[in-house]
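None of the figures in this text is laboratory data; all of them are computed from the coordinates on show. As the structure is a computational prediction, the values presented were derived from the model and not from experiment. No Cβ is skipped: glycine too gets one built from the backbone with ideal geometry, and neighbour counts run over all protein chains shown.
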Amino acid sequence: MTMSKEEEGGTVRALRALGSDDPSVRLRAALAIGTAPGEDPGTVGGLVERCAVEPDFSVREMLTWALTRHPPPTTVPKLLHEVRSGCAQARSQALHTLSKIGDRRAWQVITSALLADPDDEVARSAWRAAVVLVPEGEEHGLAVGLATQLGRGGRETRLSLSRALIALGEAAPPVLAAAATDPDPDVRAHAVATEHLWRDPEAGFESAVEEAKRVVALGGAGREG
């Protein structure tokens, strides 16, 4: 669909407005671009570039939404390029957007190095994207890759990883069972907590962590069969 000159002019103004000092102006600009998406690759490029530097969470979410409104053949290649950026926010936001688009051609970018990215926000985005993009039949391999990160980070990071593993369904339990015997007590505790959540999603993460601590303290004697 070709944009009219008026629409094209509005998009140009909106792209310029993404550089405003006022976050409410930037939010409205992203909304305007997403509401009337065009076919100009420059528009997608402008949105992607802004994602890498946008400090406001709400604006970043609107930028992601605006990108999902554009054709995947235009957005996905640019986002894949961003995943290889040296900027952590660029990587994180690109992965977040790819998870929202859900185009499995993006699976190619999910590497073991990315799942272990030293930046927690990038890693968390990679875990979420991986679960969405994983091809049928490769869930076990992904579960094994995710399990290498058990015991990492603080509460939010560990919860993100637990949720990603649980989302893989039946691929997760064998991998978690193996990790529950790891020599590292942090890995064991995280694995057991994730197992507990897998069995009882309503229990809550804090309850699962406390149960895991008890099990690890008992040397595994308290694990359910």
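Quick notes on this one:
- For region 104-113, the tally of residues that are in contact with a Leu (Cβ under 8 Å, 6 or more places away or on another chain) and not β-branched (V, I, T) stands at 4.
- Of the residues making up region 169-181, not a single one is surrounded by fewer than 17 Cβ atoms within 10 Å (Cβ to Cβ), under 25 Å from E121 (Cβ atoms) and acidic (D, E).
- T74 being hydroxyl-bearing (S, T, Y) and under 24 Å from P23 (Cα atoms): no
- From the list R163, R188, R152, the lone residue that is part of a helix (DSSP H, G or I), among the basic types (K, R) and farther than 28 Å from M62 by Cα is R188.
- For the condition over 21 Å from the mean Cα position of the chain (by Cα) and surrounded by 13 or more Cβ atoms within 10 Å (Cβ to Cβ), E195 qualifies.
- Per-region count, region 175-207, residues on the phi < 0 side of the Ramachandran plot and without any contact (Cβ under 8 Å) to a residue 12 or more places away in the chain: 6
Rundown of residues vs (1) surrounded by fewer than 16 Cβ atoms within 10 Å (Cβ to Cβ); (2) aliphatic (A, V, I, L, M); (3) free of Cβ contacts under 8 Å to residues at least 40 places away in the same chain, yes/no style:
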site	(1), (2), (3)
A52	no, yes, no
M62	no, yes, yes
W65	no, no, yes
P71	yes, no, yes
R84	yes, no, yes
R91	no, no, yes
S99	no, no, yes
R104	yes, no, yes
L115	no, yes, yes
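- Summed over region 140-149, residues that are buried (at least 18 other Cβ atoms within 10 Å of the Cβ) and in a helix (DSSP H, G or I) total 5.
- Output for region 109-119, where each listed residue is assigned to a helix (DSSP H, G or I), within 21 Å of L176 (Cβ to Cβ) and within 13 Å of the chain's Cα centre (by Cα): L115
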